[in-house]
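These notes are about the structure you will find just below.
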Amino acid sequence: MMPGQRLQDCRSLHLNEDNGRFALLAVLIILYLLCGAAVFSAIERPSELRAHGRWNGTLLNFSEAFNISLQDLNSFLREYEAANAAGIRAGALRPRWDFTGAFYFVGTVVSTIGFGMTTPVTVPGKVFLIFYGLLGCAATILFFNLFLERIITLLAVVMKAVRERRIRNSGILPPGIRHDFSAYSLPGWKPSVYHVMLILGLSAITISCCASAMYTPVEGWAYLDSLYFCFVTFSTIGFGDFVSSQGAAYEYQSLYRVANFLFMLMGVCCIYSLFNVISIVIKQVLNWILEKMSCLFCQRCNKANVLLGRRNAIRPGSKGRQGRLGQQPDSDGPCDSDTEGRRLSGEMISMKDLAASNKVSLAIMQKQLSESANGYPRTVCGSSRHNGFSGGVGALGIMNNRLAETSNSR
């Protein structure tokens, strides 16, 4: 079998990149869930058993002290649980379904936080919630995506201004360059995705710490509980064990509720942007893993590598070997270029190749940040197959388009 035909058969055996990435991510998420379940079970299960023991002892003592059967006592507790679900509490709490309470509720619905402390109990309310949430959640996700674009644009402008100021102060720029950095672009410079991730992470930490400093004295929570509430809320997990602004009255109540709303809005937007940036890095890691695994189980690729005679040798896609085979280079093949051939073959790669791979993995955010700062037109390539991405929706769709442009430009 000719080497060229062997390589063509090798390409036909490769797993579809999109399906491979999806399957790999699904496996990693399942492993992540199993590890998380094991950790939380080991941490929380003993406390749950102790709480059950204390509660059973309390019920038994109460039943004996007041001569009430356990059956009647449990029936009373079920009635209390139903009242609790309807928003009735033993302490003094704000009304759940006045206008301000209902506004707080719909805010948790459209933001997908869903604390669960207030839920509709009537049939018309449940039916209306289905249609209201369908439209409201979609509109809020669109708002978050537009916020993501603008926060990235702002960060790009600020980071480019800082970069240019440092260069200007160092005396590298020619004397004729105007001080308006929007009229001048730094050739070859792109902000790092890790810098954006760091800035968003620090912003989320700052907002959470400031909000916790407000919640601790006002709500009477421990500071660590306030931080826990901020993460659960800003990430839209919304367990409902801690819920802010539920008291019947607060000192400076109007000011507190406005501040609570602003902190939640800023926190949710910031964490949403941070999650999207982290997801881009995760997708790049998945691409790197797939590249390492693409030829690992391909026996013909491994046989072809044996013929090369040494590690890190040039693949058959190189100019010299391709010239001898009388074949034209194929840029779409999985094992064509020198660097890609070494990475996909399972052979050892040099530190230079590893650094180049890491540089390419940053391109998805760098391209967008650079274009946002320089004001370039956002043209979207018609095909993103060259880079391992295939479209997408929402924030990831925006990033995938940037990645397609980056791949074609390279």
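The values are calculated or read from the model by the stated rules, or taken from the named source; none is laboratory data. Just so it is clear, the structure is predicted and the values come from calculations on it, not from any experiment. Cβ atoms come from the backbone with ideal geometry, glycine included; neighbour counts cover every protein chain shown. Side chains included, ligands, DNA and RNA excluded: accessible areas come from the protein's heavy atoms. Shrake-Rupley method; radii C 1.70, N 1.55, O 1.52, S 1.80 Å.
Among the residues of region 205-264, those identified as surrounded by fewer than 16 Cβ atoms within 10 Å (Cβ to Cβ), hydroxyl-bearing (S, T, Y) and not in a loop (DSSP other than H, G, I, E, B) are T206, Y223, S254. Only residues that are closer than 27 Å to Q246 by Cβ and without any contact (Cβ under 8 Å) to a residue 60 or more places away in the chain were counted across region 53-101, and they come to 25. Candidates in region 117-175 are the residues that are open to solvent by 30 Å² or more (accessible area, probe 1.4 Å) and polar (S, T, N, Q); of these, the one that is modelled with the highest pLDDT is T122. Scanning region 55-70 for residues that are open to solvent by 100 Å² or more (accessible area, probe 1.4 Å) and under 48 Å from the mean Cα position of the chain (by Cα) yields one hit, W55. Count of region 120-141 residues, restricted to those that are among the β-branched types (V, I, T) and either within 29 Å of A249 (Cβ to Cβ) or assigned to a loop (DSSP other than H, G, I, E, B) (or both), is 2.
Residue pairs whose Cβ atoms lie under 9 Å apart, separated by 6 or more positions or on different chains, with the first residue in region 142-157 and within 10 Å of S273 (Cβ to Cβ) and the second assigned to a helix (DSSP H, G or I) and open to solvent by 70 Å² or more (accessible area, probe 1.4 Å), are L155/H195.
Restricting attention to region 4-40, the residues that are at pLDDT below 90, more than 18 Å from L296 (Cα to Cα) and in contact with a helix residue (DSSP H, G or I) (Cβ under 8 Å, 6 or more places away or on another chain) total 1. Taken over region 265-284, the criterion of being in contact with a helix residue (DSSP H, G or I) (Cβ under 6 Å, 6 or more places away or on another chain), over 24 Å from F22 (Cβ atoms) and open to solvent by 20 Å² or more (accessible area, probe 1.4 Å) is satisfied by M266 alone.
Taking region 102-119, which residues are in a helix (DSSP H, G or I) and either basic (K, R) or touching a residue at least 40 places away in the same chain (Cβ under 8 Å) (or both)? Let's see the steps before the verdict.
Initially, region 102-119 is screened for residues in a helix (DSSP H, G or I), giving 102-110.
Once the filter is applied, which keeps residues that are in a helix (DSSP H, G or I) and either basic (K, R) or touching a residue at least 40 places away in the same chain (Cβ under 8 Å) (or both), region 102-119 yields Y104, G107, T108.
Restricting to region 91-103, name every residue that is modelled with pLDDT under 90 and open to solvent by less than 100 Å² (accessible area, probe 1.4 Å). Of everything in region 91-103, those that are modelled with pLDDT under 90 and open to solvent by less than 100 Å² (accessible area, probe 1.4 Å) turn out to be G91, A92, L93, R94, P95, R96, D98, T100, G101. When residues in region 284-305 are screened for being modelled with pLDDT under 80 and either part of a helix (DSSP H, G or I) or touching a strand residue (DSSP E or B) at 6+ places or on another chain (Cβ under 9 Å) (or both), 7 of them pass. Taking R94 as meeting all but one of (1) over 22 Å from V232 (Cβ atoms); (2) touching a strand residue (DSSP E or B) at 6+ places or on another chain (Cβ under 8 Å), write down the number of the exception. R94 satisfies every listed condition except (1). Within region 260-283, is there a residue that is touching a strand residue (DSSP E or B) at 6+ places or on another chain (Cβ under 6 Å) and within 30 Å of R96 (Cβ to Cβ)? For region 260-283, residues touching a strand residue (DSSP E or B) at 6+ places or on another chain (Cβ under 6 Å) and within 30 Å of R96 (Cβ to Cβ): absent.
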